[in-house]
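Asks: Structure provided below as C-alpha cells; questions to follow.
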C-alpha cells in the first residue's frame, strides 16, 4: 500500500492546476476564436448520415482488435510463461474476453457511453435498450454517423483486451475463478468509469456556437471536459491496466522461487508470433478510433507502423548497451512498448512526432522492465506495468507536446468554426495530460486494491503452493500444453 501511495504521489507531481482545454475540441479555444472573430458564421451540422465505407472500416477494425486479443495477446503471454502454465494464461485471456463481452452488452456500454454524471454514466441502455441497427452513433465530424451497434462492438473489444492485459502481471499463481471475479469488479468500477470520463460526449452535431459548445462540454465526461487527449486508450486501456496489474502483483505476492530460480520464457517463437499479431491488430485499435475512414485514420495507421518500428530499434539499442546482445524477447517487448506509447497520440501527432514517441518509448519500456521493476519490488510476471503502465504514461504526456501544430500535430479542433484552432499551449496541454494520468492511477489503484481484497476474502486469490509448483495447466484445467 505504501508503494502504491508513493507511486501516486510521484505521478501527482505532474498534476497541478493549469488552463483546461476541451478534449481535442476545447471550449476555451472555441470561445477565444468566437471572441476574436464574432462575425464568423457558425457552422450548422447537416443531418447525420451513415457512409457504407466508414461502417465497413469500423467492422474491420473491430475484427482486428479481436485478433490482437485472441490469439495475439494470448500467444504473446503464453510464450513468456513456463511450459506448465501455458494453457492457464491462454484460458485467462480467452475467457476474460468472453466474460467482458457479455458484461459489456448487459451494462458496461451504458455506464461508459450514456449521460449521467461527469464520472459515471447511466443505466438507460442496459441490455442495449434502444440500440438497433438503425440507431446512430456520432463520430468526430458534423453530419457523419456510424451505426451505434457498430460502435458498441468496437468499444467492446477495448474493454475486453484491457481486462486481458492485467492477467499478465500475476500469471502462474492466481486462481482461475479469482481472475474472473476480479475482472468483473474492476471493469465495473474502474474501466467503464474511466472510459466515460475520457471519451463520453454527445458528439459535434449540436454545436453551432459557443453556448451550444458549452452545453455539450458540460454533459461530457470529466477528463473530456478538462481537455485530456487520448485518441485510442493510453489512459483508459494501458495506464489503467498497468496500475491494476502492479497492485495485483503486490497483493498476490511473488511466485515461489522468484529471484532464486530461473523463470525464462518457455517458447519465444510463440511470443514473437503473438507480438506480430498484436501489431497487426493494433491498426484496428488505433486507426479505428477515428471512427471514420479519413485522412486522420491514415495518419494514425502510419504512426502505428513508424512509432512501433522506432521503439523496437531503441529498445534493442538500450539492451545491447546494457547487456551486450539484442534479444528476440527485447524486440517483441519493444514493439509492444511502441504500440502502447503511440496509442493516445496516433491521430493527434505528425509522423515525425510519432517517430520520437516511439524512440523514447523503447528506452522507457526497457527501463520499466529492468530498472523500475526492481525499485517497485513487485513480481510483475509479464511486465504489464513496466511496459503498459510506463509507456502509457510516456505516450500520454508526449501527446501534449507533439499534438502542437508547430511540431506537426493537429492541434485543437474548434467545432464552432469547424476548423483547427490557432491557439495551442504545449505546457497547458501537458498539464492537462498529467491530470488524466494521475486520475487514471488513482482510480485504477484504489479500485484494484479494493477488488483484490474482496476477492481474496471471498474465494481467495492464490492457488495452493503444491498447485503452483505442479503448474496451473494440470491443477486448474486438467490439461497440458505439451505432451512429454
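The values are calculated or read from the model by the stated rules, or taken from the named source; none is laboratory data. In this text, all values refer to a predicted model and were calculated from it rather than measured experimentally. So basically every Cβ, Gly included, is an ideal-geometry build from the backbone, and we count neighbours across all protein chains shown.
Asks: Here is a list: 406, 410, 476. Which entry is out of contact with any strand residue (DSSP E or B) (no Cβ under 7 Å at 6 or more places or on another chain) and surrounded by 15 or more Cβ atoms within 10 Å (Cβ to Cβ)?
Replies: Details: 406 fails: surrounded by 15 or more Cβ atoms within 10 Å (Cβ to Cβ); 410 fails: out of contact with any strand residue (DSSP E or B) (no Cβ under 7 Å at 6 or more places or on another chain).
So the residue among 406, 410, 476 that is out of contact with any strand residue (DSSP E or B) (no Cβ under 7 Å at 6 or more places or on another chain) and surrounded by 15 or more Cβ atoms within 10 Å (Cβ to Cβ) is 476.
Asks: Can you name the condition, by its number, that residue 340 falls short on among (1) out of contact with any helix residue (DSSP H, G or I) (no Cβ under 9 Å at 6 or more places or on another chain); (2) crowded, with 24+ Cβ neighbours inside 10 Å?
Replies: (1)
Asks: Here's another thing I want to ask about it. Name the single residue that is surrounded by the fewest Cβ atoms within 10 Å (Cβ to Cβ) among those in region 219-237 being in contact with a helix residue (DSSP H, G or I) (Cβ under 7 Å, 6 or more places away or on another chain) and farther than 17 Å from residue 400 by Cα.
Replies: First, the residues of region 219-237 that are in contact with a helix residue (DSSP H, G or I) (Cβ under 7 Å, 6 or more places away or on another chain): 221-237.
Filter again for farther than 17 Å from residue 400 by Cα, leaving 221-222, 237.
Numbers: 221: 27, 222: 20, 237: 27.
Top of the filtered list is 222.
Asks: Still on this structure: Of the residues 282, 250, 315, which single one is over 19 Å from the mean Cα position of the chain (by Cα), within 30 Å of residue 449 (Cα to Cα) and assigned to a helix (DSSP H, G or I)? Show your work before the answer.
Replies: Details: 282 fails: over 19 Å from the mean Cα position of the chain (by Cα); 315 fails: within 30 Å of residue 449 (Cα to Cα).
Criteria check complete, one pass: 250.
Asks: Right, next: Of 47, 63, which residue is outside any helix (DSSP H, G or I) and either modelled with pLDDT of 50 or more or out of contact with any helix residue (DSSP H, G or I) (no Cβ under 6 Å at 6 or more places or on another chain) (or both)?
Replies: On the way: 63 fails: outside any helix (DSSP H, G or I).
47 is the lone residue from the list that is outside any helix (DSSP H, G or I) and either modelled with pLDDT of 50 or more or out of contact with any helix residue (DSSP H, G or I) (no Cβ under 6 Å at 6 or more places or on another chain) (or both).
Asks: Next up: Surrounded by 24 or more Cβ atoms within 10 Å (Cβ to Cβ), part of a helix (DSSP H, G or I) and without any contact (Cβ under 8 Å) to a residue 60 or more places away in the chain: does that describe residue 368? Quick ask: steps written out before the conclusion?
Replies: Working: surrounded by 24 or more Cβ atoms within 10 Å (Cβ to Cβ): yes; part of a helix (DSSP H, G or I): yes; without any contact (Cβ under 8 Å) to a residue 60 or more places away in the chain: yes.
Considered against the rule, which asks whether it is surrounded by 24 or more Cβ atoms within 10 Å (Cβ to Cβ), part of a helix (DSSP H, G or I) and without any contact (Cβ under 8 Å) to a residue 60 or more places away in the chain, residue 368 comes out as yes.
Asks: For region 451-469, how many residues are surrounded by 15 or more Cβ atoms within 10 Å (Cβ to Cβ) and touching a residue at least 40 places away in the same chain (Cβ under 8 Å)? Quick ask: steps written out before the conclusion?
Replies: First, the residues of region 451-469 that are surrounded by 15 or more Cβ atoms within 10 Å (Cβ to Cβ): 451-452, 455-456, 461-463, 467-468.
Subset that is touching a residue at least 40 places away in the same chain (Cβ under 8 Å): 451-452, 455-456, 461-463, 468.
Within region 451-469, residues that are surrounded by 15 or more Cβ atoms within 10 Å (Cβ to Cβ) and touching a residue at least 40 places away in the same chain (Cβ under 8 Å) number 8.
Asks: Answer with yes or no whether residue 423 is on the phi > 0 side of the Ramachandran plot and touching a residue at least 12 places away in the same chain (Cβ under 8 Å). Spell out how you get there, then give the answer.
Replies: Numbers: on the phi > 0 side of the Ramachandran plot: no; touching a residue at least 12 places away in the same chain (Cβ under 8 Å): yes.
It is false that residue 423 is on the phi > 0 side of the Ramachandran plot and touching a residue at least 12 places away in the same chain (Cβ under 8 Å).
Asks: Can you give me the ranges of the helices (runs of 4 or more DSSP H) entirely in region 402-478 with at least 3 residues that are within 21 Å of residue 249 (Cβ to Cβ), modelled with pLDDT of 95 or more and under 28 Å from the mean Cα position of the chain (by Cα)?
Replies: Working: elements: 426-458, 465-470, 472-477.
So the answer is 426-458.
Asks: Turning to a different aspect of this structure: Among the residues of region 97-132, what is the count of those that are within 29 Å of residue 208 (Cβ to Cβ) and not in a helix (DSSP H, G or I)?
Replies: We begin by selecting, within region 97-132, every residue within 29 Å of residue 208 (Cβ to Cβ); these are 109-110, 112-122, 124-125, 130-132.
Those still in the list that are not in a helix (DSSP H, G or I) too: 114-122, 124-125, 130-132.
Total meeting the criteria: 14.
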